[in-house]
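The values are calculated or read from the model by the stated rules, or taken from the named source; none is laboratory data. Model, not experiment: these values are computed from the prediction. Here Cβ is always computed from backbone atoms with ideal geometry, including for glycine, and neighbour counts include all displayed protein chains.
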Amino acid sequence: METLISVERARDILASHPFKWDIEEVELEFAQGRILAENIFALCDDPPFDNSSIDGWAVQSSDLPESRIEIGKIFAGSQPITTPLRPREIYRIMTGAPIPHGSDALVMIEDGIHGQPRKEYIRRRGENISIGELALSSGDIITPASCALAATIGHTTLPVRSKLRIAIIPTGDELIEVGKPLKPGQIYDSNSVALASLIRKAGAEPIIIKPTIDDPKSLHSILDECAKEMDLILTSGGVSMGEKDFIRSSLLDRDAALFWKILMRPGGPPIFGHWNETPLFGLPGNPVSSQTVFHLLIVPWISHPDLFYRQVTVKMENKLRGAPNRLCLRRIQITSTKDGLIGHSLTHQGSGNVRSLVLNNALSLIPPNTDIEVGDFVEALWLIV
């Protein structure tokens, strides 16, 4: 087992344990946000025929403008006219209509019938994409634009990665389900709610297990059942050095852990291994730590970072304290101004301060042993909400 490793090393270890996604065909209208499982090639040209990009006239550029004679009209959806135009003949043409044989230019209706002919107004067959050309790549996030392109080139469905089934197991005697009356010493299980939302955003299916008491026998029974049915087990809490941190001790006792503790703050004590051959990732119990680790490590492993954030450079308007020998992720608010992206820190940085994740919209990436002064630039993950 490796310990006190960098974020990059943790990502490498996770990447070396890929999931075996099944492939399912999804209709285009339901494909948004899914991850493409195979390359997609054009089944037809786009556009499929030479057509007009304007309302106007289809002409021959060699004719004198004053000599043009309109002989008919062509509408979008019309069959292509294959009889060659004779000298001086032109057609009134609508946007999207096929170009008649012999025409090599168009005149805008605003310019009048004797206007300047322009060849660039003709949309040529296959100028956007040709039949057999790669249109979308495996691993791409499917967007509304992707769906539109797929439809344009003849696809009715897209092959996507199947949704991973991910168990969420909150641990801790202090946890209680949201909605039940709080007793002294209890807190609501907010991590399960947050993790379920993040998992859905990642394109996977969360299965929340009720809060688990800190008892090894009960925990092992739940883990055994989840390992039979799930693709991944995510636990919350129980990974640090406490006497009742049974996720950590259970993996270590089985010699099933691959790494424990990461050089980052917040979120230092995650543990990763396998339970009965099913991947198990133990997240910290503090809410901010749990979500921070999810963004940095779980997202690239099970999904696509572009669904969650983009990395940007920000000029800070207040100081940020770094961490000794650790990557430090402070919560900040990014604002776009005419002078660029500006960062502010709006709240205290306690790892239990869930509200700070609402009031801020980014995580700074402060290098180890570095403090950020007013006016300094820092890299940050600008979260997509």
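Considering only the stretch 233-262, state which residues are farther than 18 Å from Leu175 by Cα and small (Gly, Ala, Ser).
Ser249, Ser250, Ala256, Ala257
Could you look through the stretch 142-159, keep only residues that are small (Gly, Ala, Ser), touching a residue at least 60 places away in the same chain (Cβ under 8 Å) and part of a helix (DSSP H, G or I), and pick out the one that is farthest from Asn39 (Cα to Cα)?
Per the criteria, the residue is Ala151.
Which residue pairs have Cβ atoms under 6 Å apart, sit 6 or more places apart or on different chains, and have a first residue in the stretch 23-48 that is surrounded by fewer than 16 Cβ atoms within 10 Å (Cβ to Cβ) and part of a loop (DSSP other than H, G, I, E, B) and a second that is among the basic types (Lys, Arg) and modelled with pLDDT under 95?
From the stretch 23-48, no pairs qualify.
Would you mind telling me which numbered condition in (1) in contact with a helix residue (DSSP H, G or I) (Cβ under 7 Å, 6 or more places away or on another chain); (2) outside any loop (DSSP other than H, G, I, E, B) Ile54 fails?
Condition not satisfied by Ile54: (2).
For the stretch 339-377, which residues satisfy the criterion of being in a loop (DSSP other than H, G, I, E, B), in contact (Cβ under 8 Å) with a residue 40 or more places away in the chain and aliphatic (A, V, I, L, M)?
Within the stretch 339-377, Val354, Val374 qualify.
Output the number of residues of the stretch 185-207 satisfying the condition of being touching a residue at least 12 places away in the same chain (Cβ under 8 Å), more than 20 Å from Gly352 (Cα to Cα) and surrounded by fewer than 18 Cβ atoms within 10 Å (Cβ to Cβ).
Going through the stretch 185-207 one residue at a time, the tally reaches 3.
Could you check Arg92 against (1) surrounded by 14 or more Cβ atoms within 10 Å (Cβ to Cβ); (2) among the basic types (Lys, Arg); (3) assigned to a loop (DSSP other than H, G, I, E, B) and say which number it fails?
(3)
Using the structure shown, decide if Ile366 is surrounded by 16 or more Cβ atoms within 10 Å (Cβ to Cβ) and β-branched (Val, Ile, Thr).
Judged against the criteria, Ile366 is a match.
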